[in-house]
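The block underneath contains the structure these notes are about, expressed in structure tokens.
FYI, it's all coordinate maths here, none of it is from the lab. All values derive from a computational prediction rather than experimental measurement.
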Amino acid sequence: MPTYLVSPFAPKGRVAHGQFDHSSILKLVEWRFGLQSLTPRDAAAANPATVLDFSRPNLTPPSIPLVLDPGPHVCGSPDTGMAADDVMWQELASLPIMRSFESVS
């Protein structure tokens, strides 16, 4: 199963080629707190801690780009925006099955 380890202990730019599954998280918790395995499955699971570097944590937060609001917002109320302009949506709205979604006054 594809696994992303997001942690200050995850080495930057490293790709680990081990096999992890859902029980690997349980394996990590059991390892960290010295607990016994609950089932044979988590006993045999790969421990994600093996790909972490606990000696050199990266405590610098990543820079996240500022994404500006693209506007204008064309998806407005049913009588404005794309719903009013696009023929495909007008045809869909006119189908008999769509009457069951009309608001009751």
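Observations, loosely collected:
- Spatially, region 1-44 and region 49-63 are offset by 15 Å when compared through their Cα centroids.
- Taking the square roots of five times each eigenvalue of the Cα gyration tensor of region 1-50, the equivalent ellipsoid has semi-axes of 21, 13, 7 Å, listed largest first.
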